[in-house]
Amino acid sequence: VKLSFREHKLYGRENEVTEITDAFCRVSCGKSEAFFIGGFSGSGKSMLVNSLTAQVDGVEGYVVTHKFDQMSKERPLLEVISVFNELCLVVKEKSSQKELLSTISRLMDVFGGDFSLLARLLPNIERLAPELKGTAGEKGGDDHMNLRSVCFILQRFMRVVSSVAHPVMLFL
């Protein structure tokens, strides 16, 4: 007997799709939420995530996915920072010029003199607007960033770029 499966069709994950879709609806209404998907290699986690990205795109949300591999276990914070850096490119790609100007204005308001810290942590922030070129090279206060300051900077960044109009889903 030959079994035939449709390529790129998700089988047996209806409950998970429903749970993640419900979580996305809550996030789209302005809430923040974390959702963890676990499983062995080859169990369909990536296919599950990929099946949901079209829904997020449909409501003008931002989606960034990143797979951690064995090598990234030694430096997980760098992997997370790279995801936020990639989010800058997604925001640029999916935003109108007016939305980009508004986002940049809010980032400048929120970060003020600390904007150079954000630009050094997330170099792609300069791609959001040409006037930001060179901000990563400026010195802004203490040159040292510890784990707490990195987390605080990323939280502030996320509060600016995510909204009801543009919910953000990071699949790590």
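The values are calculated or read from the model by the stated rules, or taken from the named source; none is laboratory data. Model, not experiment: these values are computed from the prediction. Only protein heavy atoms, including side chains, enter the accessible area calculation; ligands, DNA and RNA are left aside. Shrake-Rupley method; radii C 1.70, N 1.55, O 1.52, S 1.80 Å.
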So how much accessible area does L154 have, in Å² to the nearest 10, using a 1.4 Å probe?
10 Å²
With every protein chain left in place and a probe of 1.4 Å, what is the accessible surface of T65, to the nearest 10 Å²?
60 Å²
Using amide H atoms built in the peptide plane, which far-off residues or other-chain residues are under 5 Å from T65 H to H?
F171
Compute, for F115, the solvent-accessible surface of its heavy atoms (probe 1.4 Å) with the complete set of protein chains present, and express it in square angstrom to the nearest 10.
10 Å²
